[in-house]
Amino acid sequence: MIAIRDRVRFEETDLMAVVYHSRYLPWMEMGRVAYLRACGVDLNRMMDDGILFPIREVSVKYKHSARFDDEYEVQTTMREFNKAKMVFAYTVVDVKTGTVFVEGTTTNVFTDKSGKILRLPKDWFEKIDAVYQQEKAGKR
């Protein structure tokens with residue numbers, strides 16, 4: 001698991017100071033990027049190599065409302081990984097109380113710049129797979 005922390009910004013809330021439902025998606029993205037960074041993946045370099053990783057599917061289960069200035073932690077794990085796709089699972093929790101705000105998943109596929117699905121080249125695959133295998137073995 002890779003965890004990152006941040007605070008709810010005022011601009012992420014509605015008139016009741018509750019986080020607007022769509023704002024959880026960027027938090028999940030922050031977790032996904034942090035996970036890949038922990039794998040040693042430079043996303044800019046990957047894109048320069050012509051490999052894109054669009055989201056194919058998103059699922060979010062809202063449990064409790066986060067509010068302005070709450071400190072939250074995005075906990076990101078890799079649920080599934082192969083040369084064609086990555087499936088991430090996210091839990092966003094209140095740092096102070098441990099209350100779960102949301103749980104979600106995203107499925108990313110690997111494509112070329114035209115959108116055609118491709119198989120992730122060996123060097124990129126091995127970087128991500130090393131961390132994924134550690135996580136599956138309970139060592140991360």
If the Cβ limit is 7 Å and pairs must be 6+ apart or interchain, which residue in segment 126-140 that is among the basic types (K, R) pairs with which residue that is at pLDDT 90 or above and assigned to a helix (DSSP H, G or I)? R140/V131; R140/Q134
Expected output for segment 50-69 (first residue of a type in the set (G, A, S), partner open to solvent by less than 60 Å² (accessible area, probe 1.4 Å) and part of a loop (DSSP other than H, G, I, E, B), Cβ below 7 Å, 6+ apart or cross-chain) is G50/D112; A66/V8
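Per-residue answers, yes or no, for (1) touching a residue at least 40 places away in the same chain (Cβ under 8 Å); (2) over 18 Å from I128 (Cα atoms); (3) not β-branched (V, I, T):
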{"residue": "E11", "(1), (2), (3)": "no, yes, yes"}
{"residue": "Y20", "(1), (2), (3)": "no, yes, yes"}
{"residue": "R23", "(1), (2), (3)": "no, yes, yes"}
{"residue": "W27", "(1), (2), (3)": "yes, yes, yes"}
{"residue": "V33", "(1), (2), (3)": "no, no, no"}
{"residue": "L36", "(1), (2), (3)": "yes, no, yes"}
{"residue": "D42", "(1), (2), (3)": "no, no, yes"}
{"residue": "M46", "(1), (2), (3)": "yes, no, yes"}
Can you name the residue in segment 19-71 that is closer than 25 Å to K113 by Cβ and in a strand (DSSP E or B) and is also least open to solvent (accessible area, probe 1.4 Å) among such residues? L52
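Given the residues R140, R79, R56, which is the only one that is modelled with pLDDT under 95 and farther than 23 Å from F10 by Cα? Walk me through how you get there before you give the answer.
Details: R79 fails: modelled with pLDDT under 95; R56 fails: modelled with pLDDT under 95.
R140 is the lone residue from the list that is modelled with pLDDT under 95 and farther than 23 Å from F10 by Cα.
Could you tell me which residue of segment 72-111 is nearest to Y35 (Cα to Cα), considering only residues that are part of a loop (DSSP other than H, G, I, E, B), free of Cβ contacts under 8 Å to residues at least 40 places away in the same chain and open to solvent by 40 Å² or more (accessible area, probe 1.4 Å)?
So the residue we want is N82.
In segment 13-58, which residue that is among the β-branched types (V, I, T) and under 17 Å from F101 (Cβ atoms) is nearest to the chain's Cα centre (by Cα)? If you could, list the steps in order and put the result at the bottom.
Kept after step one, since they are among the β-branched types (V, I, T), are these residues of segment 13-58: 13, 18-19, 33, 41, 51, 55, 58.
Still in the list and also under 17 Å from F101 (Cβ atoms): 13, 18-19, 58.
Working: T13: 21, V18: 22, V19: 18, V58: 11 Å.
It comes out as V58.
Regarding S114, is this residue assigned to a loop (DSSP other than H, G, I, E, B) and over 28 Å from V18 (Cβ atoms)?
Values: assigned to a loop (DSSP other than H, G, I, E, B): yes; over 28 Å from V18 (Cβ atoms): yes.
It is true that S114 is assigned to a loop (DSSP other than H, G, I, E, B) and over 28 Å from V18 (Cβ atoms).
The values are calculated or read from the model by the stated rules, or taken from the named source; none is laboratory data. Worth saying up front: this structure is predicted, and the values here are computed from it rather than measured. So basically every Cβ, Gly included, is an ideal-geometry build from the backbone, and we count neighbours across all protein chains shown. Surface areas here come from the heavy atoms of the whole protein model, side chains and all, with no ligands, DNA or RNA. Shrake-Rupley method; radii C 1.70, N 1.55, O 1.52, S 1.80 Å.
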